[in-house]
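The values are calculated or read from the model by the stated rules, or taken from the named source; none is laboratory data. Just so it is clear, the structure is predicted and the values come from calculations on it, not from any experiment. With ideal geometry, Cβ positions are generated from the backbone for all residues, glycine too; neighbour counts draw on all protein chains shown.
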Amino acid sequence: MPTQVDRALAAAERLGGWQNGVFSPGGVALADVVDRAGTPCYLYHGGVVLEQLERVRAAVGPDVEVAYSVKANPSLALTQLLARAGAGAEVASAGELHLALAAGVDPERIVFAGPGKTEDELRRAVRAGIFAVNVESLGEIERLARVAEGEGRDVGVGLRINPAQPLIGSHMRMGGRPTQFGVDEADLERAVALVESKPRLRLRGLHVYTATQVFDADALVEHARNVFDLAARVADAAGRPLEMIDFGGGFGIPYFEHLEPFDLDRFGAGFRPLLDERLSDPRLAGARFILELGRYLVAEAGVYLTRVVDVKQSWGKTFVVTDGGMNHHISATGNWGQVFRKPYPILNVSADPAAALEQTDLVGPCCTPLDMFGTDIQMALPQPGDIIGVFLSGAYGYSVSSLKFLSHPEPAEVLVWQGEVHILRPGGRPEDVLAGQSGLPTEQG
């Protein structure tokens, strides 16, 4: 089983590794990146994103579309790269819809999921002419029908089904139990009938997303088999073939020790024959088959770079203090729903990768004991000014973090693409704390 140091070294090599002894993601020397962007910053490697997309396509075959789950990283540039490579988009808010359209994603390749869609969000989806709004309840069907009628436009509908059969082997379940997500399987026929009764709603098919961070490839194949069975029920209830079967996604990324990488080839070897078998079913053969993937496409393409401010001793332990922490990367500090705090793969990327390792506690600048990347982390002992790399940081980093906490400046976001550094979002300034705020009126007299 590889150690976290092994994982970090492998992640660093995938991003470009060391050239002439210098960490050079995408062929750009580390100093050139941090001189332009400052620290802390998120760095994304565009080539790795596209490599992941092609790996998935090779595994599942040409009959399956990949929709990028924008929630994983709502970066305009990354979404543009994926759209230009032919990926669609799965969005879960009006903001994500706006971003996907701005990135050039064809509306016919956009699906909109998520509970609690407001009438404004439904209206925007109808006006954009997206392929499907994946409805999560009978009430949402009614609201969408009213909006579509008011707009005088038809809209595609996917039924998000909460299946009776749970997906075993995931680290976060979103179905197969009481949940805010989807229409219960027991109400499937009722939901189909309700959609079919609305003249402006066009039933496209179904959507089943029940779990994320799944590492059991065989369990995901069985999930796909169950989705096909549910799709046949939807087609029978509608009395016609389906146009869409959205399997969800959930392929796992092994952030922590004792987690094995998701076996994409094994999943593909089980999924492709299953798909070929179901293509002979006239109820399903003409459907678009969609996989929603976010984390799996972008996580390994990102690294969070933060500079060492101080190295200190306390009661015999070494503490390395950096200029970024939980305010910028809440996931890597174990503050985003994790039960146990475990470190991501981390390296001192300023040091020689073969340097001797020492045990340190890595902490951020925030005035709380929660701001800690990990304890007893093995790394080349940093000096003030060194750059620490927190790997597998391309997903659920910048956008899920408490960026305003303690009013530290926000981190930059950088894309390395075709040997060049692109500043996607500049780093913040201390003065930004006043942005958008209004004070009291000036006192008179």
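Within the range 410-445, being assigned to a strand (DSSP E or B) and of a type in the set (V, I, T) holds for V414, V416, V421, I423. Residue pairs whose Cβ atoms lie under 7 Å apart, separated by 6 or more positions or on different chains, with the first residue in the range 318-336 and under 12 Å from M372 (Cβ atoms) and assigned by TED's automatic domain parsing to the domain that holds S393 and the second at pLDDT below 95 and of a type in the set (K, R), are G334/R341; G334/K342. Within the range 304-313, is even one residue of a type in the set (S, T, Y), closer than 21 Å to T79 by Cβ, modelled with pLDDT of 95 or more and in a strand (DSSP E or B)? The answer is yes; a qualifying residue exists. The number of residues in the range 93-125 that are surrounded by fewer than 19 Cβ atoms within 10 Å (Cβ to Cβ), over 19 Å from L424 (Cβ atoms) and among the aliphatic types (A, V, I, L, M) comes to 1.
Output the residue which, of all residues in the range 80-94 that are free of Cβ contacts under 8 Å to residues at least 40 places away in the same chain and assigned to a strand (DSSP E or B), is farthest from V135 (Cα to Cα). Ranking the qualifying residues of the range 80-94, first place goes to A89. Restricting attention to the range 11-41, the residues being touching a residue at least 40 places away in the same chain (Cβ under 8 Å) and within 20 Å of F256 (Cβ to Cβ) number 4.
On inspection, L43 fails the criterion of being over 21 Å from G324 (Cβ atoms) and buried (at least 22 other Cβ atoms within 10 Å of the Cβ). Return a yes/no flag: does the range 154-168 have any residue that is over 30 Å from E222 (Cβ atoms), surrounded by fewer than 16 Cβ atoms within 10 Å (Cβ to Cβ) and out of contact with any strand residue (DSSP E or B) (no Cβ under 9 Å at 6 or more places or on another chain). No: the range 154-168 contains no residue that is over 30 Å from E222 (Cβ atoms), surrounded by fewer than 16 Cβ atoms within 10 Å (Cβ to Cβ) and out of contact with any strand residue (DSSP E or B) (no Cβ under 9 Å at 6 or more places or on another chain). Restricting to the range 376-387, name every residue that is part of a strand (DSSP E or B) and closer than 23 Å to L406 by Cα. Matches in the range 376-387: I387 only. Of all the numbered requirements in (1) surrounded by 14 or more Cβ atoms within 10 Å (Cβ to Cβ); (2) assigned to a loop (DSSP other than H, G, I, E, B); (3) within 19 Å of the chain's Cα centre (by Cα), I130 misses one, and that requirement is (3).
Criterion first (closer than 28 Å to V135 by Cα, in contact (Cβ under 8 Å) with a residue 60 or more places away in the chain and not in a loop (DSSP other than H, G, I, E, B)) does E292 satisfy it? So E292 passes the test.
Quick check on my filter: what residues within the range 10-24 are more than 24 Å from V321 (Cβ to Cβ) and not in a strand (DSSP E or B)? A10, E13, R14, L15, G16, G17, N20, G21, S24, listed by residue number.
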